[in-house]
Amino acid sequence: MNGAQDLGGCHGFGPVTPEPDEPVFHAPWERRVFAMAMAMGYTGAWNLDGSRANRESLPPAEYLAASYYEIWLKALEKQVAATGLATQAEIEAGKSAAPAEPVARVLHREGLEERFRAGFPSSRTAAAAARFAVGDAIRARNDHPTGHTRLPRYVRGRHGRIVRVDGVFVFPDTNAYGAGENPTWLYTVAFTAQELWGESGDSGGIVTVAAFEPYLEPA
C-alpha cells in the first residue's frame, strides 16, 4: 500500500547509518516482542503476509514515530484483537478476563530451535509457464493499491529488464487477507538509477527488485 513504510527514494529522512557490531536486540523488551510475534504467528491465526500488512496499516504519524519493535508490538496487538484472541481492554489491562480462545497450534519449547531453523518456505509448484524470461524488457505496473503489495512505489511505471527467474511463491497481496496463496512467478528485475530518478540518478547505478508477475507487463 502507499503507506509510511514505503520510504524508498524519499528525501528528508536522513542518512542510513549502520551501527557497528549492532546487537540483535537493543533491550530485553524487544526480545520479548519478537518471541510473542513468532509464537502467535505459529498458531495459524494469521500468516506472515498478514503481519506485514498490519504493520503497514498503522497510521503514518504513529508508524514514523515508532521504533522497529514498537511497530511489531502495535501490529501484534491489532491482530490479537481483530482475531478475537483478546479484547482491547484485556490488552490494556495486561491480563485476560475470560478463558483463552482455542488456536490451531501452540508453540512449545521442545523442538523450537529445529522447527524455526527448518524455516517456513513459501515456494510452491508451478501451475503454468512463466510469462517472462531473462532479458525481457518489462514495465512495472503503475498501480497504487490500498492493500498489501510488495512492489515498491518508486519503481511503479518504470521500465526494467528481467535478470533472473526466481520460481513460484505464495502471492503476498492475496495471502495477507486470507484470500488464498495464489502461487505466482517471482522475478528479479533490474532498473537503471536514471530510469528511476532521472538525471540525478547515478549514471552507472542499477537497482534490482523482486517483483511478482502480476506487477509486470511487457515493455
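Exactly one residue among 195, 181, 199 is under 26 Å from residue 79 (Cβ atoms) and open to solvent by 50 Å² or more (accessible area, probe 1.4 Å), and that residue is 181.
Selection of first residues in region 124-135 that are over 9 Å from residue 185 (Cα atoms) and of second residues that are in a loop (DSSP other than H, G, I, E, B), restricted to Cβ pairs under 7 Å at least 6 apart or on distinct chains, gives the following pairs, ordered by first then second residue: 124/170; 124/181; 124/183; 127/183.
For region 134-153, the tally of residues that are more than 30 Å from residue 80 (Cα to Cα) and open to solvent by 90 Å² or more (accessible area, probe 1.4 Å) stands at 1. Only one entry in 50, 3 is in a helix (DSSP H, G or I) and closer than 26 Å to residue 169 by Cα, namely 50. Put simply, of 131, 115 the only residue that is open to solvent by 90 Å² or more (accessible area, probe 1.4 Å), under 24 Å from residue 181 (Cβ atoms) and not aliphatic (A, V, I, L, M) is 131.
Selection of region 2-26 for residues being closer than 25 Å to residue 77 by Cβ and open to solvent by 30 Å² or more (accessible area, probe 1.4 Å) yields 2, 5, 7, 23, 24, 25, 26. Considering only residues in region 6-47 that are assigned to a loop (DSSP other than H, G, I, E, B) and small (Gly, Ala, Ser), the one that is modelled with the highest pLDDT turns out to be 27.
Within region 163-178, restricting attention to residues that are touching a strand residue (DSSP E or B) at 6+ places or on another chain (Cβ under 7 Å) and not charged (D, E, K, R), the residue that is surrounded by the most Cβ atoms within 10 Å (Cβ to Cβ) is 171. Suppose the filter is open to solvent by 50 Å² or more (accessible area, probe 1.4 Å) and either in contact (Cβ under 8 Å) with a residue 24 or more places away in the chain or of a type in the set (Val, Ile, Thr) (or both); does residue 34 pass it? Judged against the criteria, residue 34 is a match.
The values are calculated or read from the model by the stated rules, or taken from the named source; none is laboratory data. Remember, it's a predicted structure, so these values are computed and weren't measured experimentally. All Cβ positions, even for glycine, are placed from backbone atoms using ideal geometry, and neighbour counts span all protein chains on display. These accessible areas exclude ligands, DNA and RNA; they are computed on the full protein's heavy atoms, side chains included. Shrake-Rupley method; radii C 1.70, N 1.55, O 1.52, S 1.80 Å.
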